[in-house]
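The values are calculated or read from the model by the stated rules, or taken from the named source; none is laboratory data. Since this is a predicted model, take the numbers as computed values, not measurements. Cβ atoms come from the backbone with ideal geometry, glycine included; neighbour counts cover every protein chain shown. The area values use the complete protein model at the heavy-atom level, side chains included, leaving out ligands, DNA and RNA. Shrake-Rupley method; radii C 1.70, N 1.55, O 1.52, S 1.80 Å.
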Amino acid sequence: MNTPSKLLPLFFVLILFLFLSIPLLNTDFSLSTAIKIICRRTYKPSHGVATTSNQRDRNIDHSSSISRAISPNISECFPAVLPSNAITRTDCCPPKPSFSKLIDFKDFASPNATLRVRKPFHLLDEEYIAKFEKGIALMKALPDDDPRSFIQQAKVHCAYCNGAYHPYHPFQETQIDIHRSWFFFPFHRWYIYFFERILGNLIGDPDFALPFWNWDSIEAMKMPSCFTNPNSSLFHELRNQKHLPPHVIDLNYAVGNIDVPSHQQVLYNLATMYRQMVLASTTELFMGSPFRLGDNPRPGIGSVENAPHNTVHTWVGGADTPHHEDMGTFYTAARDPIFYGHHSNLDRMWTIWKTLGEGRREYSDQDWLDSEFFFYDENANFVRVKVRDCIDYKKLGYVYQDVDLAWLRTPPTSRKSKLLRQTKKAQVLSSKPRKLPLVLDSITSVIVKRPKKLRSREEKEEEEEVLVIEGIEFGSDKYVKFDVHVDDDEESLSNPDETEFVGSFVHLYHGHGHNISTSFKVGLSKVLENLEAEEDDDVLVTLVPRVGKGEVTLGNIKIEFIPR
């Protein structure tokens, strides 16, 4: 029970927040959130674990800081929020942990250690593929209640992606979802790291490294053949049978897309990779928007998470299941062994992005660095990890084999004249454009004012001009995709390998019974340079619904300048 001596300082702290935090109150960080964080410091959370108070405080004490870092209350795992007509139960909870045996991750590779080398599937020899198959088979053969088993590893992904974990009091109503925010890359890095260690332990090879499916390389833009052998542990029935080899993958896939010739699809894929990796030059554009305690848990998706992450999931997933299970929806995605090769390559994208110049770096925000997740290791130890400890992937003991990056040499180009673009923009300006907010039920063009134009080279190096679509709202169980074009022609829209096509927003089937509100951002600085539009006062933004027509409401579209 709190005494008056404890309540008096709390009162004064509340007063200070009222007078000193006015700038914060103009953002999503509301006064009620501030009060909750103060309460979080004042009242110790109950962990729901049968340990003594000394053990509890020593092992998992969250009461000593007013940090807004995210930490799941791992002692309480709720039924997952699944799509309607889900093909499995809502139980995504791994075995309940023993907090008395919780350990903090410290198993970093020594500076002189030989690093494991993750290799692309298409360059693996038969011996290495056999080792991978054996590891997956042994993992599938473990008892279902073993936290290292294949089904339990899949449940970990479901739990963190579908709202089974919540933060501590007083934020216990928030469902943790590691997608559509700055947690996408670090969570999955840790997830496949422990999966890799479990595989290596089961086959007796601590140097085993998880291969990657490098769908970004010309020679690997099809499903690796080792996943299509019905007699292999890598085989999975719930896949789109029309997308088996030698079908070329579509990295900007939407259900209903018309197939194009293979050589054209390769060019589209290379341009997609350039757009998502090179043009997403700021931390937020690439990694996703911040999610702290008290925030909207789905603030904004990063470029690569949107595509090719979401799009590859859908492309692989079964065409005859309600929500393209297994790969096509997060609650079942990790049940398909190809998931791990897909995410190994996504982790590789993170390592490559940092090498592309323009001051690229991860977040330095303490709330991101101090956020934590929980996993089981190869010895079934219950391990707490922090985001800060996975940033240097070499300290986790692995690197990626170098392969050619043809997409670095394949930027999108424009085939339309400047005169045509200006004419189309003038036509929209002279008409009665649709007003925001709007329901995206047809191809829609809007004019967006630019706050600045003709920026100097120094200004461009300091800030990226960014198109922001905010207040994107839709039902959580909807599959949604819309494309975004800049200074384009509605009657003759540009293809994915053309400059005017600037990106796609993609949402996979997730849960049901609630609405999602999020945002989407794309970089414009290089786009406007290439379109010779830097002197323009406005940009013409054309939105093209591909999936979920009429299911999406857009709140506002604007241009911001994000520091690099």
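Worth pointing out:
- The selection criterion, being surrounded by 15 or more Cβ atoms within 10 Å (Cβ to Cβ) and free of Cβ contacts under 8 Å to residues at least 60 places away in the same chain, holds for Val486.
- From the list Glu372, Glu461, Glu465, Glu378, the lone residue that is touching a residue at least 40 places away in the same chain (Cβ under 8 Å), open to solvent by 50 Å² or more (accessible area, probe 1.4 Å) and acidic (Asp, Glu) is Glu461.
- Unique match (being at pLDDT 95 or above and open to solvent by 10 Å² or more (accessible area, probe 1.4 Å)) among Thr311, Thr283, Thr321: Thr283
- Within region 383-399, residues that are at positive phi and assigned by the TED database to the domain that holds Asn345 sit with their Cβ atoms under 9 Å from residues that are open to solvent by less than 10 Å² (accessible area, probe 1.4 Å) and in a helix (DSSP H, G or I), at 6+ positions apart or across chains, in these pairs: Gly397/Tyr193.
- For region 403-424, a tally of residues being within 27 Å of the chain's Cα centre (by Cα), loosely packed, with under 15 Cβ neighbours inside 10 Å and assigned to a loop (DSSP other than H, G, I, E, B) returns 1.
- Any chance Asp497 is modelled with pLDDT of 95 or more and more than 27 Å from Arg298 (Cα to Cα): yes
- Between Gly550, Gly503, the distinction of being assigned to a loop (DSSP other than H, G, I, E, B), modelled with pLDDT of 95 or more and more than 30 Å from Ala164 (Cβ to Cβ) belongs to Gly550 only.
- Condition broken by Tyr398, with the remaining ones in (1) closer than 17 Å to Ser303 by Cα; (2) more than 18 Å from the chain's Cα centre (by Cα); (3) among the hydroxyl-bearing types (Ser, Thr, Tyr) satisfied: (1)
- Search result, residues across region 239-251 that are out of contact with any Lys or Arg (no Cβ under 9 Å at 6 or more places or on another chain) and open to solvent by less than 30 Å² (accessible area, probe 1.4 Å): Arg239, Asn240, Asp250, Leu251
- Among the residues of region 506-524, those that are open to solvent by 10 Å² or more (accessible area, probe 1.4 Å) and at pLDDT 95 or above comprise Ser519, Phe520, Lys521, Val522, Gly523.
- Whether a residue is closer than 20 Å to Thr410 by Cβ, basic (Lys, Arg), under 24 Å from the mean Cα position of the chain (by Cα) and not in a strand (DSSP E or B) was assessed, and Lys478 does not pass this test.
- Within region 425-440, being part of a loop (DSSP other than H, G, I, E, B), at pLDDT below 85 and either open to solvent by less than 100 Å² (accessible area, probe 1.4 Å) or not charged (D, E, K, R) (or both) holds for Ser431, Pro433, Arg434.
- Restricting region 207-238 to residues that are open to solvent by less than 10 Å² (accessible area, probe 1.4 Å) and not in a loop (DSSP other than H, G, I, E, B), the residue that is farthest from Tyr193 (Cα to Cα) is Ala220.
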